[in-house]
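Heads up, the thing below is written out as structure tokens.
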Amino acid sequence: MWKDFKEFAMKGNIVDLAVAVVIGGAFGKIVTSLVENIIMPLVGVLTGGIDLTKSFMYGSGDAQVKLGVFLQSILDFLIIAFAIFMALRIMTKLTSKKEEAVVEEPTPELDTKEELLKEIRDLLKKEHA
């Protein structure tokens, strides 16, 4: 059972997925910081100092419906999704350029004389081997 689990855990896809989750989490923190510390303060300046997390609160005491926090989360998600989309788009363009550079030229067609010479060469190699 341990051997099966070890084989499963060490498959390339699982390790790649684990690395992607860790890097994605770190990237998410960077984008969240960008949104909270740079973009939203600029939006607040442009809208006259409105802070969504402190606005649109309904209820009394501890029973608060915080619509502004929900709207802020939606805005954060949209900005993070757009940032990830742009990062993936750039990575896709970079990898496609590398693939285009690696494409080999097709080998030219051999005429019948060259084909016969190759067959003779191969037969001679077999005789001497």
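Any read-out appearing in this document is the output of simple, stated calculations on the displayed coordinates, not a laboratory observation. Bear in mind that the values here come from a model prediction, so they are computed numbers and not experimental data. Cβ coordinates were reconstructed from backbone atoms using ideal geometry, including for glycine residues, and neighbour counts include every protein chain displayed.
Structure notes:
- In the elastic network of the chain, a GNM with C-alpha springs shorter than 10 Å, the most mobile of 84, 74, 14 is 14.
- Relative contact order of the chain, pairs being alpha-carbon contacts under 8 Å that are 6 or more residues apart, as %: 15
- Fluctuation leader among 116, 17, 78 - the chain, Gaussian network, Cα springs under 10 angstrom: 116
- Length gained when the stretch residue 29-residue 69 is fully extended (0.36 nm per residue, less Cα-Cα span): 12.6 nm
- Label-point separation in nm, residue 94 to residue 39, each point 7 Å along Cα→Cβ: 2.1
- Were the residues from residue 82 through residue 56 laid out at 0.36 nm apart, the gain over their Cα-Cα distance would be 6.8 nm.
- In region 1-67, trypsin sites (Lys or Arg not before Pro) in a DSSP loop with at most 15 other beta-carbon atoms within 10 Å: 11, 54
- Computed P(r) (all Cα pairs; the chain; 10 Å bins; percent): 9, 18, 17, 15, 14, 10, 6, 5, 4, 1
- Counting only lysines at least 8 places from residue 113 when in the same chain, those with an alpha carbon closer than 29 Å to its own are 125, 126.
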